Structure formats: structure tokens, C-alpha cells
Amino acid sequence: MAAQGIADAVQAYTGLSPAAAFTVGEITLEQLRAYDGKDPAKSILIAIRGQVYDVSRGRLFYGPQGPYSLFAGRDASRALALMSFDLNDLTGDLEGLSPDELEVLQDWEEKFKERYPVVGHLPGENGTAGAQPDHEAEKA
């Protein structure tokens with residue numbers, strides 16, 4: 001009951017949802033997977049260029065059955081740059097991307113920064129911890 005009161009107070013004072021006050025700090029790709037939207041009690045997180053965004057208020061898009069649910073709980077950097085839904089592109093590896101593709105990623109990153117709070121970051125220099133495709137997505 002007290003936690004709900006605090007959440008309500010945060011929302012009233014800041015105008016932000018209680019999820020916006022949620023932070024994870026440094027989070028590994030494996031830990032990120034737990035925030036894929038399948039548990040309605042947890043936030044939905046997506047990593048882009050090493051930054052982790054809470055996209056919970058976009059649950060209709062990123063939650064289960066949403067058109068972008070594939071990105072939830074994962075590093076979507078390369079997939080967004082390529083505008084791809086290929087499981088092999090769910091990685092933070094930006095190597096080999098063209099300047100135009102990097103610009104597409106920059107546009108996505110700016111949209112995320114405008115709409116969703118940053119709640120953490122991936123370990124590693126420049127967020128490259130997500131450089132391997134997330135083949136666990138194939139099992140989901």
C-alpha cells in the first residue's frame with residue numbers, strides 16, 4: 001500500500017509514470033531478457049547503443065503480440081538501423097553498417113530519447129556488450 005502511495009506521489013509531482021522512476025543501472029543482455037513484456041508486473045526494456053530504455057508505456061507496440069515485441073528485452077541497435085525483424089540482427093554490433101543505416105539508427109535513438117526514459121546501460125565500452133546476436137529469441 002505504501003509503495004502505491006509513493007508511485008502515485010511520483011506521478012503527481014513529476015508527471016511521469018511510476019515506471020519512469022524505475023532504474024536498473026548496469027544490466028547484462030541475459031538480465032535484460034527478463035524485461036520482455038511477458039510478465040505484466042515488470043517493465044519492458046529495450047537497449048539501443050548501450051542505453052537501456054523503459055518502453056513500458058508503449059506496451060501495445062513492444063509487449064506480447066505487439067508489432068515490435070521482438071525487440072523487447074533485447075539490444076535492438078542493429079535491427080533498428082537496418083529496419084529489420086531478422087533475429088540475427090538483434091545485436092549491438094554496428095560493424096559494417098553504412099552511413100545511411102547509422103543515420104537511421106540515430107533517428108530511432110532520438111525518438112526513443114524523446115519518448116522513453118533511460119533506466120540503465122549495458123556493460124562494456126560504448127555498449128558493445130550486445131555484439132552477438134540474441135539467438136535465445138528463436139526459443140521465445
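What follows draws every value from the coordinates through simple rules; no lab data is involved. A quick note: this is a predicted structure, and the numbers were derived from the prediction, not measured. For neighbour counting, all protein chains shown are included, and Cβ atoms are generated from backbone atoms with ideal geometry for every residue, glycine included.
Summary table below
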| read-out | value |
| --- | --- |
| One residue from Val52, Val119 being among the aliphatic types (A, V, I, L, M), in a strand (DSSP E or B) and buried (at least 23 other Cβ atoms within 10 Å of the Cβ) | Val52 |
| Residues being free of Cβ contacts under 8 Å to residues at least 24 places away in the same chain and among the polar types (S, T, N, Q) - total across region 41-82 | 1 |
| Tally of residues being part of a helix (DSSP H, G or I) and exposed (fewer than 13 other Cβ atoms within 10 Å of the Cβ) across region 70-101 | 2 |
| Of the criteria (1) surrounded by 24 or more Cβ atoms within 10 Å (Cβ to Cβ); (2) in a loop (DSSP other than H, G, I, E, B); (3) not hydrophobic (A, V, I, L, M, F, W, C), which one Pro67 fails | (1) |
| Checklist (1) in contact with a Lys or Arg (Cβ under 8 Å, 6 or more places away or on another chain); (2) crowded, with 19+ Cβ neighbours inside 10 Å; (3) not small (Gly, Ala, Ser) applied to Arg33, failing item | (2) |
